[in-house]
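Written out below as structure tokens is the structure these notes cover.
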Amino acid sequence: MRKSRFWGGVHPLSGASSGKAPTRALPVEQFVPKSVRIPMNMHLGAPSSPIVRAGERVKIGQLIGEAVGALGVNVHASVSGLVTEVRQAKDGEPASVAIENDFKDEWVELHPVGGVEDCDPQAILPAIQAAGLSGMGGAGFPTHVKMCIPCGDKCEMVILNGAECETHLTSDHRLMVEEPGRVLKGLVAAMRAFSAEKGVVAIEDNKPDAVEAMRGAALGKSGVSVMLLATRYPQGGEKQLIQAVAGREVPAGKLPIDAGVVVLNVGTAAAIADAVELGKPLVERIVTVTGRVAHPMNLRVPIGTSVGEVLDYCGGVEPNAKVVLGGAMMGGCAADSGAPVTKGSGGIVVYGPGEAPEPTPCIRCGRCAQVCPIGLVPYEMEGYILSKQLHAAEEIGVMDCILCGCCSYMCPARRRLAPEFHDARGQIQAERRKK
Amino acid sequence: MIDGAKVLALVFGCLLTDNFVFSRFFAERSALAENKLSAAARIGAAVAVIAAAAAIVSSALYFFVLSPLKLTYLGTVTAVLSVAGAYYLAERFLKVKELLRFDHPTALHALIAVDSVLVGAALLGAQAENFLYGALTGIFGALGFLLAVVLMAGVRERIALSDVPEGLKGLPISLISAGLIALALIGFSGFGG
Amino acid sequence: MKFFVSNPPHVLSPVTTRRLMLNVVLALVPAAAMGVYNFGLPALLVLLASSAAAVLTELLWQACTHKPLRVDDLSALVTGLLLGLTLPPSAPLWMAAAGAAFAILVVKQFFGGIGCNFMNPALAARAMLLISWPAAMSGYVSPGADAVSSATPLAQNFGWLDLFMGKIPGSIGEVSKLMILAGLVWLLATSTISIRIPLSMLAGACLTGWALGANPLGEVMSGGLLFAAVFMATDYVTSPRPGPGQWLYGLGCGALTILMRHFGSYPEGVTFAILTMNALVPLIDHAIRPRIYGHKRRERHA
Amino acid sequence: MHSEQGTASSKRYGLIPLMLAALPALAVAVSGLNGLVIGAAALAAMALASLLLSLVWKFVPAWMRGFALVLFAATAASMAQMAVSVALPRVSAALGLYLPLVAFTCALTGLPDAYDVDHELEDSLVRAVIRGAAYLAALTAIGCVREVLGAGAIFGISLGASFQPMRMLALAPGGLMLAGLILALLRAIQPKRRKEGEGA
């Protein structure tokens, strides 16, 4: 099978020390937290509004936060027990609901739609919306919005993103190996919802066991195939995946559906299968805990569990460690041990403390431009941004940047390119809103 | 009367080795002024057109009017008048006013004060062996000027993003850049014979 | 418990500026060693003088202007070494030092230091020396034989073996083609540079030489062309960004070199050719931009 | 942009704008003698143009004033050129068109602007002479520096064969770089005027 390519890209922590080695063969274990604090802003769009009060008893899967606005997403209780606190948003802290686990593991009454193969395709989307799905790859785009296709557009192909190109993470890998059937059911459901003819599971070639498992599950399913991709970051970026798998580009400023493609994370697909066949909302996800912890693990963690509790279970961390939610290339840092596991966090990676090296002047070596998967020239954009010429930076494409961090990774002068672009995009967006 | 090798030498000389900006120092200020490539090309083109026209007019006046009448000592005044004439012609027919963004009543005064390339070209046009060489000098000199303006604008765009020491910012570093480019263009000496 | 917080990415490629510069220095070692072997002590002294002067000038400037001391990035050493290798072994030491000081001070630091210069410092310094002291810069000595001076190392015919081993009169680092190629292999193997510029420069020289009726391979093998194609034209700061612009730039460098050799009044044109192309780099970068994902070509140009 | 600068530079009377106007002089100011002669010609042209201006200004109609300025400057430059070509024919030939060119641009830049001229006519002659003298000194100094360092001689007298001059300084690249350095130096000397030369 063809190993498709996209532009640029890097091989962070390549080879034996890819960071994935410690957890790639570890089966997923269930983690049971003592308490959870579920934030209301795990998705793109307006935060959900809490509909429970402190002192109330909730069961697993019970709606606790209602979607607000077009890009809103429902939030459900991930453990059963007593609501101890409903915190409103203030000082940059999001609104959240804290629940004390009573370990009774009680579920609310579930309302399945039916089997993915034979249910009413019209009922799939409402089920997904009710289940509170948002993209599990990290960006947190509401799944029902992604699957709501505007009139006139046709989705020809559904791509399941099993690339997992980020360093360290093995959660999607383990999901595909252990539950390929569930993942595939999600794909079939999505294809039926769109009446799409083709479904492709795209997997990097460093996960042969996942490929084998998915191929086995896809056997006999019409229109479904498994595609091998070169192992290169950011293979799993939505735009890069579409370029590699479908051979087309998403037009600038548009969504994948404008290229006739919808991309779903494998984790999201599994959640779709649960939502349709079992009526289960999204209340837990697989998290890879690795790096400088005593026992690296793949855990199935209820949403809202604190990072500190998970890390303690894995052997604890040294003081002042750096705890990254996600992979090394794009993952943000957890400020403290109270940070919750969200629908989008595929991993908790622990690093020792250590300042980033001091940036030195750019030597225009062009390595950043060579690895940019979008075809941008990062050093020029940075030059314009640093000399306060935001307009010039915009002209050469800073708004097209996907913040993958390849340029920062590559830069021999250690310049903080991607964070610079992140801030510049924020400023430009703020200016546009003013107009 | 027209020597092919000589014309070639003249073309190369005017464009590269004897460039109005890099070796004749005619037009340092306008050539070194513009940061934006597009703006530089626009202004440079407008000035180049006037310079070429001035050189042709001045050369024609010198060889067809002043020389026969033995009035060659009026060369400088004629050259300046040619610039004035060329400027008014260009302004009328080519709308250079908008290109140069002049809105000042004494635009001519300002233009000459800034760009000695105009008077320089006109004087040079009158200094050649005959009218043809004078006219060619004007045209290729103007083209060379345009080349210099565009080259310098490109370099200045880069300098604008650089961490130039405070005392050298602006004109000094532009002059040093022009000096380095002139150093490079010395390699073309000898071209065309 | 509070955690340590920083911006992603949390891993960085092991290649730093210093590592890249070190790669260049290592790539220069064979050519330098061969030069010293062929020409003896004077060559070594010239190399030492130019390198030391470059490093010292950079150090002094940064100290005097209260800028962070960055001599440890080795870029000044590279400049000094490159300049020294393009000088004739008979060059006076003060001249080598003056050239290196000019390179660092005027061409590099006046523009803001590393990464800001638009012209290759070593080459600009060589051009300065060439037009300032032409006699001292063209006194080429044959190795071995005592002081047979020849005006131009281009004009004579040498055996292939001599050419490869550097048994010909010429500049210290430019004579041994074999050692230059060894340096090229090292630079490519460590992906310090890409093959684009050296290859296109040699191609440009071959094509132009062929068009002018000269022996294309002879053109490439004579003078400092090979050395410049590998070490000078590939300077990051003064060459276009990676992509088609580099091919264009290389072709221009090669073609101009041969044209200047044949029509110019200086015997070796490679220095001026690359400097001229350096001045054109901002325009090349303007004209040739990579296409951005999801955009049609030329769409963004206002 | 040009117009602002043109009027602005004639309103300010520092050395920097004048030096800018006469940059072409650097092309030929490669020896002390050249610098001296071209500086003297510029001084004479400036003084003459001021004199002419103050004599006839009242009779020039307003719409012709801009043009008159240019004409006066050209006349003064021509006269300076003629004087030099009679007195020093060889130097005049070496300076070529730079002599009238520099004299003309200096005279023009030295003249007050058509609009504020009424207030400044009285002392314009004095100012022209003072500035011209400073300019003369500067060009002579630059010429000497370039002759000594670039050609190993001073006013034509060789400094001996053992001194190896840096010939670049006598050529165009050296002239441009030297001009840049001198400008930077001037700026350092008159820090308050720093912004003035910046326009160009």
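The values are calculated or read from the model by the stated rules, or taken from the named source; none is laboratory data. Note that this is a predicted model, so its numbers are computed, not measured. Heads up, the Cβs are rebuilt from the backbone with ideal geometry, glycines too, and the neighbour counts pull from every protein chain shown.
Out of the residues in segment A:133-157 meeting the condition of being small (G, A, S) and in a loop (DSSP other than H, G, I, E, B), tell me which one is farthest from A:A202 (Cα to Cα).
A:G152
Yes or no, residue by residue, for (1) within 14 Å of chain B (Cβ to nearest Cβ); (2) of a type in the set (A, V, I, L, M); (3) on the phi > 0 side of the Ramachandran plot; (4) part of a loop (DSSP other than H, G, I, E, B):
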{"residue": "C:E219", "(1), (2), (3), (4)": "no, no, no, no"}
{"residue": "C:T234", "(1), (2), (3), (4)": "no, no, no, yes"}
{"residue": "C:T238", "(1), (2), (3), (4)": "yes, no, no, yes"}
{"residue": "C:W247", "(1), (2), (3), (4)": "no, no, no, no"}
{"residue": "C:L259", "(1), (2), (3), (4)": "yes, yes, no, no"}
{"residue": "C:F272", "(1), (2), (3), (4)": "yes, no, no, no"}
{"residue": "C:P290", "(1), (2), (3), (4)": "no, no, no, yes"}
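Just the residues that are free of Cβ contacts under 8 Å to residues at least 40 places away in the same chain and surrounded by fewer than 23 Cβ atoms within 10 Å (Cβ to Cβ), please, taken from segment C:66-93.
Scanning segment C:66-93 gives C:H66, C:P68, C:L69, C:V71.
When you scan segment A:384-402, how many residues do you find that are part of a helix (DSSP H, G or I), without any contact (Cβ under 8 Å) to a residue 40 or more places away in the chain and crowded, with 20+ Cβ neighbours inside 10 Å?
Residues in segment A:384-402 being part of a helix (DSSP H, G or I), without any contact (Cβ under 8 Å) to a residue 40 or more places away in the chain and crowded, with 20+ Cβ neighbours inside 10 Å: 5 in total.
Would you mind telling me which numbered condition in (1) within 25 Å of A:L282 (Cβ to Cβ); (2) more than 8 Å from chain C (Cβ to nearest Cβ); (3) free of Cβ contacts under 8 Å to residues at least 24 places away in the same chain A:A335 fails?
Only one criterion in (1) within 25 Å of A:L282 (Cβ to Cβ); (2) more than 8 Å from chain C (Cβ to nearest Cβ); (3) free of Cβ contacts under 8 Å to residues at least 24 places away in the same chain is unmet by A:A335, namely (2).
How do the pairs read when you match residues in segment B:158-170 that are within 9 Å of chain C (Cβ to nearest Cβ) with residues anywhere that are surrounded by fewer than 19 Cβ atoms within 10 Å (Cβ to Cβ), using Cβ under 6 Å and keeping only pairs 6 or more apart or on different chains?
B:L161/A:S387
Specify the residue that is surrounded by the most Cβ atoms within 10 Å (Cβ to Cβ); the eligible residues are those in segment A:350-373 that are within 7 Å of another protein chain (Cβ to nearest Cβ) and in contact with a strand residue (DSSP E or B) (Cβ under 6 Å, 6 or more places away or on another chain).
The residue in question is A:Y351.
Scan (1) on the phi < 0 side of the Ramachandran plot; (2) not assigned by TED's automatic domain parsing to the domain that holds A:D153; (3) not basic (K, R) for the single condition A:A259 breaks and write down its number.
(2)
Which pairs turn up if I take residues in segment A:246-274 that are in contact (Cβ under 8 Å) with a residue 12 or more places away in the chain and look for partners that are surrounded by fewer than 19 Cβ atoms within 10 Å (Cβ to Cβ) and among the hydrophobic types (A, V, I, L, M, F, W, C) with beta carbon separation below 7 Å, at least 6 apart in sequence or on another chain?
As it stands, the answer is A:I257/A:I149, since those pairs meet every condition given.
Given the structure, is D:L139 more than 17 Å from D:V28 (Cβ to Cβ), within 14 Å of chain B (Cβ to nearest Cβ) and not in a loop (DSSP other than H, G, I, E, B)? Show your work before the answer.
Details: more than 17 Å from D:V28 (Cβ to Cβ): no; within 14 Å of chain B (Cβ to nearest Cβ): yes; not in a loop (DSSP other than H, G, I, E, B): yes.
Considered against the rule, which asks whether it is more than 17 Å from D:V28 (Cβ to Cβ), within 14 Å of chain B (Cβ to nearest Cβ) and not in a loop (DSSP other than H, G, I, E, B), D:L139 comes out as no.
Could you please find all residues in segment A:403-426 being outside any helix (DSSP H, G or I) and hydrophobic (A, V, I, L, M, F, W, C)?
If the condition is that a residue be outside any helix (DSSP H, G or I) and hydrophobic (A, V, I, L, M, F, W, C), then A:L403, A:C404, A:C411, A:A413 are the ones that fit.
Can you work out which of the residues in segment D:94-136 that are in a helix (DSSP H, G or I), over 14 Å from the mean Cα position of the chain (by Cα) and small (G, A, S) is modelled with the lowest pLDDT?
Out of the qualifying residues, it is D:S124.
Given the conditions (1) modelled with pLDDT of 95 or more; (2) at the interface with another protein chain (Cβ under 8 Å from one of its Cβ atoms); (3) surrounded by fewer than 17 Cβ atoms within 10 Å (Cβ to Cβ), report the number of the one that C:L59 does not fulfil.
All conditions pass for C:L59, except number (2).
Take the residues of segment B:156-193 that are out of contact with any Leu (no Cβ under 9 Å at 6 or more places or on another chain) and part of a helix (DSSP H, G or I): which is farthest from B:A122 (Cα to Cα)?
B:E166
Of the residues D:G175, D:G152, D:G197, D:G156, which single one is closer than 14 Å to B:A182 by Cβ and at pLDDT below 90?
Values: D:G152 fails: closer than 14 Å to B:A182 by Cβ; D:G197 fails: closer than 14 Å to B:A182 by Cβ; D:G156 fails: closer than 14 Å to B:A182 by Cβ.
Exactly one of D:G175, D:G152, D:G197, D:G156 is closer than 14 Å to B:A182 by Cβ and at pLDDT below 90, namely D:G175.
Looking for something within 30 Å of A:L264 (Cβ to Cβ) and in a helix (DSSP H, G or I) - is there at least one such residue anywhere in segment A:362-375?
The first filter runs over segment A:362-375 and keeps only residues within 30 Å of A:L264 (Cβ to Cβ), leaving A:371-375.
Now restrict to residues that are in a helix (DSSP H, G or I): A:371.
Looking through segment A:362-375, at least one residue is within 30 Å of A:L264 (Cβ to Cβ) and in a helix (DSSP H, G or I).
In segment A:350-361, how many are under 27 Å from the mean Cα position of the chain (by Cα), in a loop (DSSP other than H, G, I, E, B) and not aliphatic (A, V, I, L, M)?
Selection size over segment A:350-361: 4.
Across segment A:67-84, what is the number of residues that are without any contact (Cβ under 8 Å) to a residue 40 or more places away in the chain and either loosely packed, with under 15 Cβ neighbours inside 10 Å or assigned to a loop (DSSP other than H, G, I, E, B) (or both)?
3
Scan (1) of a type in the set (V, I, T); (2) closer than 24 Å to C:S138 by Cβ; (3) out of contact with any Lys or Arg (no Cβ under 8 Å at 6 or more places or on another chain) for the single condition C:T86 breaks and write down its number.
(3)
On the basis of being assigned to a strand (DSSP E or B) and more than 27 Å from A:V250 (Cβ to Cβ), does A:A123 make the cut?
no
Scan segment C:1-47 residue by residue and report those that are over 14 Å from C:G80 (Cα atoms), touching a Gly at 6+ places or on another chain (Cβ under 7 Å) and away from chain A (no Cβ under 14 Å).
Within segment C:1-47, C:A27, C:P30, C:A31, C:M34, C:G35, C:N38 qualify.
Considering only segment A:1-13, state which residues are modelled with pLDDT of 70 or more and in a loop (DSSP other than H, G, I, E, B).
Our first condition is that a residue be modelled with pLDDT of 70 or more; within segment A:1-13, this holds for A:5-13.
Correct list: A:R5, A:F6, A:W7, A:G8, A:G9, A:H11, A:P12, A:L13.
When segment C:109-123 is examined, which residues are found to be part of a helix (DSSP H, G or I) and touching a residue at least 24 places away in the same chain (Cβ under 8 Å)?
Matches in segment C:109-123: C:Q109, C:P121, C:A122, C:L123.
Please tell me if A:D209 is acidic (D, E), out of contact with any strand residue (DSSP E or B) (no Cβ under 8 Å at 6 or more places or on another chain) and in contact (Cβ under 8 Å) with a residue 12 or more places away in the chain.
The answer is yes for A:D209.
Hey, among the residues in segment B:140-157 that are closer than 24 Å to A:P361 by Cβ and more than 7 Å from chain C (Cβ to nearest Cβ), which one's surrounded by the fewest Cβ atoms within 10 Å (Cβ to Cβ)?
B:R156
May I ask you to say which residue of A:G347, A:G327, A:G315 is touching a residue at least 60 places away in the same chain (Cβ under 8 Å), more than 9 Å from every other protein chain (Cβ to nearest Cβ) and touching a His at 6+ places or on another chain (Cβ under 7 Å)?
Matching residue, one of A:G347, A:G327, A:G315: A:G347.
So for segment B:118-136 (the condition being surrounded by fewer than 22 Cβ atoms within 10 Å (Cβ to Cβ), within 14 Å of chain C (Cβ to nearest Cβ), at pLDDT 85 or above and in a helix (DSSP H, G or I)), does at least one residue qualify?
No, segment B:118-136 contains no residue that is surrounded by fewer than 22 Cβ atoms within 10 Å (Cβ to Cβ), within 14 Å of chain C (Cβ to nearest Cβ), at pLDDT 85 or above and in a helix (DSSP H, G or I).
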